[in-house]
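Below is one structure, written out as structure tokens, with a few remarks after it.
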Amino acid sequence: MKLETTSSGFVVSICGRQVLIHSAAAPCFFVGQGTDRIAMDRGRFEIEDRLAERCPLAHAEIEGETIMLAAAKGQPPRLAVTLEGNALVLRALDPSVNRFWLRVVAERDENVWGGGEQFSYFDLRGRRFPLWSSEPGVGRDKTTEITFRADAAGHAGGDYYHTNYPQPTYVSSARYALHVETSAYSVFDFRDPAFHEIEVWAVPERIELFAAASFVGLVEILSSRFGRQPPLPEWIYNGAIVGLKDGANSFNRLARIREAGVKVAGLWCEDWVGIRQTAFGSRLFWDWQANETRYPGLRQRIAELNSEGIHFLGYVNPYLCDDGVLFREAEAADYFVKDASGRVALIDFGQFHCGIVDFTNPDAAAWFSEEIIGKRMLDYGLSGWMADFGEYLPVDVRLASGLDARLAHNQWPTLWAEVNAKAVASRGRTGDAVFFMRAGFTGAQKSCPLLWAGDQSVDFSRHDGLVTVICAALSSGLLGNAFHHSDVGGYTSLFGNVRTPELFMRWTEMAAFTSVMRTHEGNRPRENVQIDGDPAVLAHFARMTAIYVHLAPYLRTLSLEAARRGLPVQRPLFLHHEEDRRTYGIQDCYLYGRDVLVAPVWQASQDERKLYLPAGTDWVHLWTGQSFAGGQDISIQAPLGRPAVFYRADTELEKLFAGLLDL
């Protein structure tokens, strides 16, 4: 990074590309003061700011690598900016400052990606993105009936920018990346054609800039910065993780599913802890230990599955219900987050209340890691679990560390990931036992081995259905999250919105070309199509698991490459076709590694798929062997069972891919 003085101010460049241009007439730094109002209701937040001041820092004085910024000449400086390596280190000189803005030079035709895990828009240009970990909401589109009804019923409808996993990092088509090192509420605003504006409700520690000659090189740098995951466990390649929450009957159903030809790597029973019924649907009993009433002899059952090469997975989250045994144990040890009066802060999760284990208390974090995940899960025989939630820390609570909850809120998913990772490491099972998370923030990458896309609606909707998990994988993958997957068939079923066999089968087709195939029965299992509830769905699923297993040698190479280089399994088309700018805005197709292009059918009642094939190579249609030149739009038949999948004509793995025709 280079700092140059100009006649009107200064310029900061990285690899010859100007990123900051300052003059008295057009400053790039602003500071100010504001008072926020942040209210939480079941993981959804209403956030407002009463802004008292926004001051442009027009006057700059440069001493060596430090810039002193003031509102005008002769006034005291309010912000110091020092260039250190690839970072701008920031220091507020005015203690009243609690708002910060930065304008970064933009090109009119520039594309921008990142922002953590985004579901609606892969290219962020032209929109504003608040970055705050929360429930994404139902529907995520204020123009739809389902979002309207969710809002009316309980403020549960979302919007395009809501995400479980925000991160103040973006990647530019100018082949640089910018990261804001802060956990405060922030906003990335890409609406102006001349600049990108970053807003933070605190002065960040630093602004980091990275550049590379290629997008692949940039992803490698970012994954090294934020952390890389170990390779996928070997047992994952054996087939699907079948999600059933039917008590002891889950084992009988699994046997029938296997008899139908489904290749199974694991059985995931999130209800291993027991069930409680709520208005939302079947919820779990949040007291993290085996429920022997619902699953008699579970430990022996797990051992029997292991002898057959099938691993058992469960569920856990960072909260304890106040009517459970573990709540009393944690309360006695003073392990909970407190409210303003010093009592345990209870969170309403919808007809039951929970305490939040305070992960800023090292003893509390160690207790959860060892006593719950270590002893009650890993030692019990579990090989994996959904490590759910992490977004629900209110801002009006007291933490053991003394950290302001406004700053701790976004950090919470990362702390939660660390608790899980330490438990796995304590048993020497890193890279074998696998947990998957929906919530995240900066640094979660180095602890969380596998993301999942959260709670999509059970439909084909544009902002909350099947297509959104592609965008989620691509956006998060650029920032070091190499492994991503989703609930096959979606999760949220409300207001009469239920799965169709077609949706389940289309979702399955996509999942066969991702890191992990895992089904979920959803929040209302009895109202929705299940894997074993329809013969056609079951037969289709069996064939797709065979495809997944057939491709295991390829996925294994991608897994090892991810661990070594940080490249994601699911990749945007531009990652390997950066000279073809038409690929920059595509978010409903992806590269599965370098050699395979997947274009899922994501709209209902369609048996044809229109797509663009990247330039620079010829592409072979998987099911017909027909070759197409890259750089053109095509339309291809894609009936159920034959999704639009292509492989590079010059691949060394043609025999492996062509072998799928025999399945």
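Just so you know, all these numbers are worked out from the coordinates, no wet-lab data involved. Owing to the predicted nature of the structure, the values given are computational and were not obtained by experimental measurement. A quick note on method: Cβ atoms are made from the backbone with ideal geometry, for glycine too, and the neighbour counts reach across all protein chains shown.
Between Glu234 and Ala539, what's the calculated FRET efficiency when r is the beta-carbon distance and R0 is 30 Å? Round to 0.05. Approximately 0.65, to the nearest 0.05.
Once the convex hull of all Cα atoms in region 186-250 is built, its volume per residue stands at 265 Å³. Each residue of region 653-659 was assigned a 3J(HN,Hα) from its phi angle through the Karplus curve 6.51 cos²θ - 1.76 cosθ + 1.60 (θ = phi - 60°); the sequence is 10, 4, 4, 5, 5, 5, x Hz, with glycine and proline shown as x.
Give me the percent relative contact order of the chain, please, defined on Cα pairs under 8 angstrom at least 6 residues apart. Walk me through the numbers before you get to the answer.
Numbers: 1578 pairs, mean separation 78.6, N = 663.
Value for the chain: 12 percent.
Across every pair of non-identical alpha carbons in region 163-313, the mean reciprocal distance, once inverted, gives a Kirkwood radius of 20.0 Å. Modelled spin-label separation between Thr35 and Glu65, with each label point placed 7 Å from Cα along the Cα-to-Cβ direction: 4.1 nm. Extension gain for Leu93 to Ala649 (0.36 nm times residue separation, less C-alpha to C-alpha distance): 194.2 nm. Shape class for region 169-220, computed from the alpha carbon gyration tensor (a ≥ b ≥ c): oblate, with a/c not under 1.5 and a/b at or below b/c.
The calculated 222 nm mean residue ellipticity attributable to helices in the chain amounts to -6000 deg cm²/dmol, summing -39500 (n - 2.57) over DSSP H runs of n ≥ 4 and dividing by all residues. Write down the percent of antiparallel bridges among all DSSP beta bridges whose residues are both part of the chain, to the nearest 5. DSSP beta bridges in the chain are roughly 80 percent antiparallel. The label-point distance for Arg42 and Asp432, in a model that sets each label 7 Å from Cα toward Cβ, rounds to 4.1 nm.
Separation of region 452-479 and region 1-65, taken as the distance between their Cα centroids, equals 32 angstrom.
Working note: Karplus 6.51/-1.76/1.60 with θ = phi - 60° gives region 148-160 the couplings 4, 5, 5, 5, 5, 7, x, 6, 9, x, x, 9, 4 Hz, where Gly and Pro are set to x.
Out of [x] 14, 32, 23, 17, 10, 4, 0; [y] 19, 52, 26, 3, 0; [z] 17, 47, 31, 5, 0, which label holds the value of P(r) over Cα pairs in 20 Å bins from 0, in percent that was computed here? Step by step, P(r) over Cα pairs in 20 Å bins from 0, in percent for this structure corresponds to label [y].
Over all projection directions, the Cα-based convex hull of region 11-151 averages an area of 11.5 nm².
For Ala24 and Phe495, the difference between the fully extended length at 0.36 nm per residue and the C-alpha to C-alpha distance is 164.0 nm.
So if we plug the beta-carbon distance of Ala260 and Leu656 into 1/(1 + (r/R0)^6) with R0 = 30 Å, what FRET efficiency do we get, rounded to 0.05? Don't skip to the end; give the middle numbers.
Numbers: r = 25 Å, r/R0 = 0.84.
Given R0 = 30 Å and the Cβ-Cβ separation, E is 0.75.
With a ≥ b ≥ c the root eigenvalues of the C-alpha gyration tensor of region 27-95, is it rounded (a/c under 1.5), prolate (a/b larger than b/c) or oblate? Mind showing how you got there, number by number?
On the way: a/c = 3.72, a/b = 1.87, b/c = 1.99.
The shape class here is oblate.
Across the chain, how many lysine pairs, 8 or more apart or on two chains, come within less than 28 Å at their alpha-carbon atoms? Taking the chain as the scope, the lysine pair count is 12. Quote the FRET efficiency, to the nearest 0.05, computed for Glu371 versus Phe148 with a Förster distance R0 of 41 Å and r equal to the Cβ-Cβ distance. Efficiency computed from Cβ-Cβ geometry: 0.40.
Remark: C-alpha extents of region 334-478 on the principal axes read 46, 36, 31 Å, sorted largest to smallest. DSSP finds beta bridges in region 260-414, and of those with both partners inside it, around 65 percent are antiparallel. Based on Cα contacts under 8 Å between residues 6+ apart, region 414-571 shows a relative contact order of 21 percent. Near Glu53, the amide H atoms lying under 5 Å from its own belong to Gln33; only residues 5 or more places off or on other chains count, and H is placed 1.01 Å from N.
When both region 129-189 and region 563-583 are represented by their alpha-carbon centers, they are found 24 Å apart. Modelled this way, with points 7 Å down the Cα-to-C-beta line, the labels at Arg343 and Arg108 are 6.1 nm from one another.
Just to be sure I follow the definition: excluding the sites themselves, where is the longest run in the chain that has none of the GluC sites (Glu not before Pro) in a DSSP loop with at most 11 other Cβ atoms within 10 Å? Intermediate values should be presented prior to the final figure.
Details: sites that count: Glu292, Glu308, Glu579, Glu652.
Here the longest run is 1-291.
Extension gain, Glu84 to Ser605, is 182.0 nm, computed as 0.36 nm per intervening residue step minus the present C-alpha separation. 3J(HN,Hα) couplings calculated from phi for region 581-594 with the Karplus curve 6.51 cos²θ - 1.76 cosθ + 1.60 (θ = phi - 60°) are, in sequence order, 5, 5, 7, 5, x, 7, 10, 10, 9, 7, 8, 9, x, 8 Hz; Gly and Pro show x.
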